[in-house]
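First up is the structure itself, then whatever we jot down about it.
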Amino acid sequence: MMQKMLLFSFCLLLSLPAIGQKGGFQSGYWINLKGDTLKGFVRYKSWAEKVVVKKNEDDPEGRDVFPDQISGFQIDSVGFFRSVILKGDSIFTRRMVDGPSKLYQYKRAGNELLFIENEQQFMLVDPTNLKDFLIIYTGECAKEVMPSKKIRYNLKSVGPIIENYNECKEPGSSKKDGASIFELNDDIPWIALGFRGGANIGELIFPPGTYYSFGEYENFALPSGAFLIRARLNDRMRLSFEPGITLKENEGTQINVYPFNEPAAVSDVSLRMAWLDLPMIIQYGFPIGNFRFSAELGMRVGGLLDYNFTEIPSPEAANLGTPNVEPSTLEYGGIGGLNISYRKKHIELFIGGRYYYDEGEWVIRGIPGTVSVVSRDSDLITRRVEASVGILYWLSRR
């Protein structure tokens, strides 16, 4: 059963890159200068001076298109981009709010501009006196849409006010376009690097009937740490590779079972292990403003770095010797979890919990000088829960 689950998880992870289009292309359309809408595939790097389009998915290259050659384009998973002439130059602006009043954003070389479009005009938002500009623009709706509390007005304040203004003019007409309006100051994130630290609580399980059997055998809360490489597949899905180290210290009761299943002695045992973890995880999340709520599913392969096994024998076992226990050098299993994150600009903080189910094959050798000198393999099962916190830094695609 476990092998089937691992095979399914592995196939799922391998298929994830196919969710995005080859070569960075995504489904969408573009509008030529005649107003014709052409459906196909679009590739665009944040705030680049050109966009690459192609009608046929099998076309490996596509063709470059500049802002003065089209009216705009749409990437289905991102949003709509409009061509604008600014001081004699043509640029692409990203639509952040749709409705009677549309809000567009442009960023380049550290500068950010916002534009508002309505039926009468397409205007640049004046950042020097932003509050007065918004009061004049919203007119009779100003009392309803402007914040009731004193706030520091900046370009990030414009989005919610324009949304409220659209609702005031035509209820139900406003909607966010593409990413959350609270991400106005962000480029489209693509790859994130970070670190995760956590603590583990769990148990080891030896199947009954083996040479070596345990009663209560629990993990204490010991640390784990991992380096994160996380990729954004689309607005909902992320793929994460998290190489790291997990320490396990287990203490419990051991029952030595000799031939004929007759317990010979009961001893206290301690097992310390250090594992190199190589998990691959897919996240599916729901962004709400700056927050994101995600579920996780993945698989883990762990390699044993070091271990120490200690037996404190009872008086009855003092002269029986200690079996030679050799832990598996390889573990494999599945992962499931939930986490909550908060992102502002390129920094993301998260907290979460995971459940790990792993299997590994151990070798247990008999005590020299006794009747039990044969080696026996035992399938060890590890179940543990991990609580963790971490930080990510998202890199834009510029």
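The values are calculated or read from the model by the stated rules, or taken from the named source; none is laboratory data. Nothing here was measured: the structure is a model prediction, and the numbers come from that model. Note that each Cβ is placed from the backbone with ideal geometry, even for glycine, and that neighbours are counted across all protein chains shown. Only protein heavy atoms, including side chains, enter the accessible area calculation; ligands, DNA and RNA are left aside. Shrake-Rupley method; radii C 1.70, N 1.55, O 1.52, S 1.80 Å.
Structure notes:
- Remark: for residue pairs Lys169/Lys345; Lys50/Lys156; Lys45/Lys87; Lys45/Lys143; Lys45/Lys131, the C-alpha separation exceeds 28 Å in Lys169/Lys345; Lys45/Lys143; Lys45/Lys131.
- Accessible surface, per residue, of the stretch 27-135 when the full set of protein chains is kept, probe 1.4 Å, Å²: 52 Å²
- In the stretch 85-131, Rg over Rh equals 0.96, where Rg is the alpha-carbon radius of gyration and Rh the Kirkwood radius from pairwise Cα distances.
- Net charge contributed by nearby residues that have their C-beta within less than 12 Å of Leu114 (K/R +1, D/E -1): +2
- A cut-off under 13 angstrom between Cβ atoms defines the neighbours of Leu278, and their net charge, with Lys, Arg +1 and Asp, Glu -1, is -3.
- Net charge of Cβ neighbours under 11 Å - reference Leu228; Lys, Arg +1; Asp, Glu -1: +1
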